[in-house]
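S.K.: One structure, pasted below without further comment.
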DNA sequence: TTCATACTTCGATCGTAACCGAAGCATGTC
DNA sequence: GACATGCTTCGGTTACGATCGAAGTATGAA
C-alpha cells in the first residue's frame, strides 16, 4: 500500500504555482534574493519567505547569506534535472501556460537550463558535436571521443579539470521546447561559460533566455554546423 | 516570470497523498479497478472517483471499461519513468515514508517498475549484461551489441519484433532503492515477461514486489552472474 | 545613534479542494 | 422483473494552506 519514497511531498512542493514560478526562475542558474523570488512568484515578501523555508526544508533549495541579502539557488543539478524532466513531460502533454508571452520565442531559441545551454541552439550544438564525431551517443548516453578531446581543447575547455570533478562530464537533458536532448553535465556548463566569457552571448536580467550578439551568433553557427 | 510548461499542474496532481498512493500502486503495471485504487489510496470510492477523473484529465492515467469494471493504468511508460525519477529524487534526499513496512525488504530486492524489473535484482541484471558485453553502455545510454543479439535469442526474446515497435529497445531507469540504473524499455519489459512465463517469478497480489521461486532464483542468478 | 533595507515570524482571513453520505446511473446476475 | 455490484454525481462539511498586514529581528548606511 504505502510503498517506497514519498513522492507526494515533493509533488506538493512543486505543485503550488507560486513555488513553481520561483523554482522556474532559479532554473536560470543565477542566485536570486528572496525579494526577487517574491516578484518571480507574484507574491509578497512574507509569503515568499514561508515558501522558501518550505522548499529549503524539502532540500530543493539551498541558501547562503551575504550581508543583509539571502541568496537562493537550486540545491544541486539534480533538482534542475528533475524540473526540466517535469517540464518536458508537461510540454509533451500540452500542459502549457495559458498565455505564451512575448519572450517565448527567445526562450525557445536559447535559454539556460540550470547551468547549460538549452533550446534550439542547445539541441543544435549537441547534434553537431555528435555528427562531427566529437561526442559518442548511445541512446541517452553521451561520451567524449578522442577526437572530441582535441576539439574541446581548441575551443578552450579544460577537460582534465572537469574530469576530476565528481559531476558527470556529459549528460543528456531532455529539452522541453525541442523535445530532444541537449548537452548537460560539467561539459555543458563549461561550454556555456565559455560563450559568456568570449562575449558571444549574455544572460538577460529577468529571464532564462540567452541573447547572442550578432558576431557571437555567427561564430556559434560556424563552430557547430548542421548538414543540410 | 511565467515561462515554459506548467509544472505546477502536474506537481499538484502528484502532490496529493491519496493520488500519489494510487499512482504508486499503478507502478506495479497491472490495471486496477477504481475500487482497488480507492483501497490503495486509503479513501472511499467516491473520493477516488474524483481523483481518478482528475488524473485522467491530466493525462497521467488511461482507463478502459470492461463490463461493469473500469480498469486504470498509467497513460504510458513516460508516466512510469517520471514517477520513478521522482521516487529516486525523493529517496536520495531522505524523503522516505515514515513507516518502513514489513514488505520493504522484498520491495528492495525485486519489484516491478511499471513493466520491467527493478530493485537489487534489476540492477544486478543490467550490470551483468553490461559486464558480459551483451549491452553497451555510455553514460546513461544503452544499446544491444551483436553478442547481445545472440544472447537474448537464446533466452527466448524476439528482438526483431521489439525493434519494430516505436518504443525504444533499451532505456536506463534510475532505481530509487539502489540509486543505480536498471534496464527499462521494451527489452526490459520482454525480459520480465519472460521470467514470468518461465515460472521463475510471479507478481504479488497487493504489492509491486516480485517473488522468485527457489528454482527461478537459482536460474536467474546463474544467467546473470556478477564477478566477485 | 538613527534610519533604511532585507527578511522572518505572528496572527488572522479566506478559498480551495479533499472528503464522505446519499442518491443516481449502468451493467451484470438471478 | 428484481436485485446486486461497480462506479459517478451531488451537496454540504471540514481542514489545510496560501495569503497578507503588522510587528519583530538583523544587517548595513549615514
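FYI, it's all coordinate maths here, none of it is from the lab. In this text the structure is predicted, and so the values were computed from the model without any measurement. Cβ placement follows ideal geometry from the backbone for every residue including glycine, while neighbour counts extend to all protein chains displayed.
S.K.: Mind checking the angle between helix B:146-155 and chain B's longest principal axis? C-alpha axes, 0 to 90 degrees, to the nearest 10.
M.R.: 70 degrees
S.K.: Find every distance from the label point of residue A:161 to the corresponding label point in the other copies (7 Å from Cα along Cα→Cβ) and write them in nm, one decimal, shortest first.
M.R.: Copy-to-copy label distances at residue A:161, shortest first: 5.4 nm.
S.K.: Then there's this: If the convex hull of the alpha-carbon atoms of the stretch A:75-164 is projected onto planes in all directions, what is the mean projected area in square nanometres?
M.R.: Its average projected convex-hull area is 7.7 nm².
S.K.: When each copy gets a label point 7 Å from Cα toward the beta-carbon at residue B:197, what are the spacings between them in nm, shortest first?
M.R.: Counterpart label points of residue B:197 in the remaining copies fall at 5.5 nm.
S.K.: Would you mind ranking B:140, B:175, B:158 by Cβ crowding within 10 Å, fewest neighbours first? Write out the running numbers ahead of the final one.
M.R.: Working: B:140 19, B:175 25, B:158 11.
Fewest-to-most ranking of B:140, B:175, B:158: B:158, B:140, B:175.
S.K.: Taking only Cα atoms of chain A, what ratio of Rg to Rh do you get with Rh as the Kirkwood inverse-distance radius?
M.R.: Values: Rg = 18.3 Å, Rh = 18.7 Å.
Checking Rg against Rh, the ratio lands at 0.98.
S.K.: Which of B:104, B:217, B:56 moves most in a GNM of chain B, Cα contacts under 10 Å?
M.R.: Top of the fluctuation ranking is B:104.
S.K.: Under the definition of partner shielding as Cβ atoms of other protein chains within 10 Å of a residue Cβ, what is the mean value for peptide B:138-149?
M.R.: Working: counts 10, 14, 9, 11, 4, 4, 0, 0, 0, 0, 0, 0.
If you average over the peptide's residues, the count of other-chain Cβ atoms is 4.
S.K.: Kindly provide the helix-only [θ] at 222 nm of chain B, computed as the sum of -39,500 (n - 2.57) over DSSP H runs of four or more divided by all residues, to the nearest 500 deg cm²/dmol?
M.R.: Roughly -14500 deg cm²/dmol at 222 nm, from the helical runs in chain B.
S.K.: Determine the equivalent ellipsoid of the stretch B:162-216 by diagonalising the alpha-carbon gyration tensor, then write out the semi-axes as square roots of 5 times the eigenvalues, largest first, rounded to whole Å.
M.R.: 22, 16, 10
S.K.: Additional query: Mind sorting B:152, A:224 by how few other Cβ atoms lie within 10 Å of their own Cβ, fewest first?
M.R.: So the residues, fewest neighbours to most, are A:224, B:152.
S.K.: Any chance you could give the angle, 0 to 90 degrees and rounded to 10, that helix B:17-26 forms with the longest Cα principal axis of chain B?
M.R.: With rounding to tens, the tilt is 30 degrees.
S.K.: Report the closest approach of any chain B C-beta to the axis of the B-to-A rotation: residue and distance, in whole angstrom.
M.R.: Rotation axis B onto A, closest Cβ, rounded to whole Å: B:141, 1.
S.K.: Convert 37 °C to kelvin, take the viscosity as 0.692 mPa s, use the Kirkwood radius over C-alpha pairs of the stretch B:1-47 as Rh, and evaluate the Stokes-Einstein diffusion coefficient in µm²/s, rounded to a whole number. Mind showing how you got there, number by number?
M.R.: Details: Rh = 11.8 Å.
Estimated via Stokes-Einstein, D reaches 278 µm²/s.
S.K.: To test your reading of the geometry: what angle, between 0 and 90 degrees and rounded to tens, separates the Cα axis of helix B:120-131 from the longest principal axis of chain B?
M.R.: The angle comes out at about 40 degrees.
S.K.: Still on this model: Give me the log10 of I(q) over I(0) for the stretch B:131-228 at q = 0.14, 0.19, 0.25 Å⁻¹, as the Debye formula computes it from C-alpha points; what are the numbers?
M.R.: For the stretch B:131-228, the Cα-only Debye profile gives -0.59, -1.13, -1.58.
S.K.: For the stretch A:22-48 and the stretch B:191-228, what is the separation of their Cα centres, given in Å?
M.R.: Answer, in whole Å: 49.
S.K.: List, shortest first and in nm to one decimal, how far the label point of residue A:180 (7 Å from Cα along Cα→Cβ) is from its counterparts in the other copies.
M.R.: Reported distances to equivalent positions: 3.4 nm.
S.K.: Roughly how many nanometres apart are two label points built 7 Å out from the Cα toward the Cβ at residue A:57 and residue A:165?
M.R.: So the two model labels end up 3.2 nm from each other.
S.K.: Continuing with the same structure: With N set to the number of residues, divide the alpha-carbon radius of gyration of the stretch A:7-75 by 2.2 N^0.38 Å and report two decimals.
M.R.: Numbers: Rg = 10.9 Å, N = 69, 2.2 N^0.38 = 11.0 Å.
Dividing the Cα radius of gyration by 2.2 N^0.38 Å gives 0.99.
S.K.: Under the definition of partner shielding as Cβ atoms of other protein chains within 10 Å of a residue Cβ, what is the mean value for peptide A:79-90?
M.R.: Counting Cβ atoms of other protein chains within 10 Å of each residue's Cβ and averaging gives 5.
S.K.: If the convex hull of the alpha-carbon atoms of the protein assembly as shown is projected onto planes in all directions, what is the mean projected area in square nanometres?
M.R.: Computed as one quarter of the Cα hull surface, the answer is 24.6 nm².
S.K.: I need the calculated FRET efficiency for the pair residue A:222 and residue A:194, taking r as the beta carbon distance and R₀ as 22 Å, to the nearest 0.05.
M.R.: Values: r = 15 Å, r/R0 = 0.68.
Once the sixth-power term is evaluated, E becomes 0.90.
S.K.: List A:200, A:176 from most exposed to least, where exposure is judged by having the fewest other Cβ atoms within 10 Å.
M.R.: A:200, A:176
S.K.: When only Cα pairs under 8 Å and 6 or more residues apart are kept, what is the percent relative contact order across the stretch B:7-56?
M.R.: Relative contact order of the stretch B:7-56: 35 percent.
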